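First the structure, in the form of structure tokens, and then the observations on it.
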Amino acid sequence: MQKVSFVFQIIFKIILIFLITFIWVRYFVRSLLWSVVITSIITLAIDFITRIFSRKKQMASALKKTEREEAENCFLTLSMDKNALDFFTILAQKQHTAVKKKDYVLISHESGEKVVLFPHLSFNPLSPDNVANIIAKTQSVKPAKIVITCASAQKESFSFAKNFECEVLILDQYETYQKLYKPYECKPEIKLKYKKEKGLAFKDLVAYSLNKSRAKGYFISALILIISTMFVRATIYYCVVASILIIFALISLYNPFARNAKSKSVL
């Protein structure tokens, strides 16, 4: 699904560039054929230039994507591990004096300052209630800082965490990877992995793009284009596109691939 969305995103970007360029080219060039030709050349040129400037960024994003997948798999593995707290204890002991408690790891610095490392291994976003419970559980040791690792956190949790005397640092699964696993050179042994989504077959792509629920959208788009032909000079262009959209709407209504797959047995 991600690959299909990425392809659609590229196509949609090119279409948008083409349309906004066509509007202005068509304003100055009366010939429809030359308008399309000039617009196509300009669109390809703009797309080529943007690809050159974004190439380095895409390479960096590819590396981040690999790390993000590893971070997700690390959290998945730890969330299913009854002894996950042992891992965080080992991680903390690499650079500090750390002791495993019932729900967290207590780190003691030479200055006497105490830091609590609290893994919140839930797939639900960390809520203000969770933060309050964590602070209540650790108040007996009077920590100067509480570091909470989690899958993700509600926006309200960050503002709520600022209401206490001790510093509360919230790290989602990606920040945990960047700020704990990598600097301490300690990562959990990945025993569980998220399955990567497979690319859609042509039948799946047709079912996704031309299903009954999308027929209304195609029809409304076609209707808008047809009405606009009364005000825009490029009547043939809009009629062609509107006709294609209507055909898509008709196909969507009777698309055999869009029906739910029948299962022989539920269990």
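The values are calculated or read from the model by the stated rules, or taken from the named source; none is laboratory data. What you are looking at is a predicted structure, and each value in this text was computed from that prediction instead of being measured. Please note: Cβ atoms are built from the backbone with ideal geometry, for glycine as well, and neighbour counts cover all protein chains shown. In case anyone asks, the SASA skips ligands and DNA or RNA and just uses the protein heavy atoms, side chains included. Shrake-Rupley method; radii C 1.70, N 1.55, O 1.52, S 1.80 Å.
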- prompt: Taking only pairs six or more apart or across chains, which ones have beta-carbon atoms under 9 Å, a first residue in the stretch 20-34 that is closer than 15 Å to Leu44 by Cα and open to solvent by less than 100 Å² (accessible area, probe 1.4 Å), and a second residue that is modelled with pLDDT under 80 and not in a helix (DSSP H, G or I)?
  reply: Phe22/Ala234
statement: Checking Thr50, Thr66 in turn, the sole residue that is open to solvent by less than 60 Å² (accessible area, probe 1.4 Å), of a type outside the set (A, V, I, L, M, F, W, C), within 33 Å of the chain's Cα centre (by Cα) and closer than 30 Å to Lys13 by Cα turns out to be Thr50
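Among the residues of the stretch 128-146, count how many are closer than 22 Å to Asp172 by Cα and open to solvent by 20 Å² or more (accessible area, probe 1.4 Å).
Looking only at that region, the number is 9.
Within the bounds of the stretch 81-95, is there any residue that is open to solvent by 90 Å² or more (accessible area, probe 1.4 Å), touching a residue at least 40 places away in the same chain (Cβ under 8 Å), farther than 27 Å from Lys195 by Cα and not polar (S, T, N, Q)? Reasoning before the result, please.
We begin by selecting, within the stretch 81-95, every residue open to solvent by 90 Å² or more (accessible area, probe 1.4 Å); these are 82-83, 90, 93-95.
Okay, now just the ones that are also touching a residue at least 40 places away in the same chain (Cβ under 8 Å), so 90, 94-95.
From what's left, farther than 27 Å from Lys195 by Cα: 90, 94-95.
Applying the additional criterion that residues be not polar (S, T, N, Q) yields 90, 94.
Scanning the stretch 81-95, I find at least one residue that is open to solvent by 90 Å² or more (accessible area, probe 1.4 Å), touching a residue at least 40 places away in the same chain (Cβ under 8 Å), farther than 27 Å from Lys195 by Cα and not polar (S, T, N, Q), so the answer is yes.
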message: Please go through the stretch 147-160 and give me each residue that is in a strand (DSSP E or B) and farther than 14 Å from Phe88 by Cα, ordered by number.
response: Ala153
task: With a cut-off of at least 1 residues that are touching a Lys or Arg at 6+ places or on another chain (Cβ under 9 Å) and under 30 Å from Lys145 (Cα atoms), name the strands (runs of 3 or more DSSP E) lying wholly within the stretch 28-132.
output: 105-108, 114-119
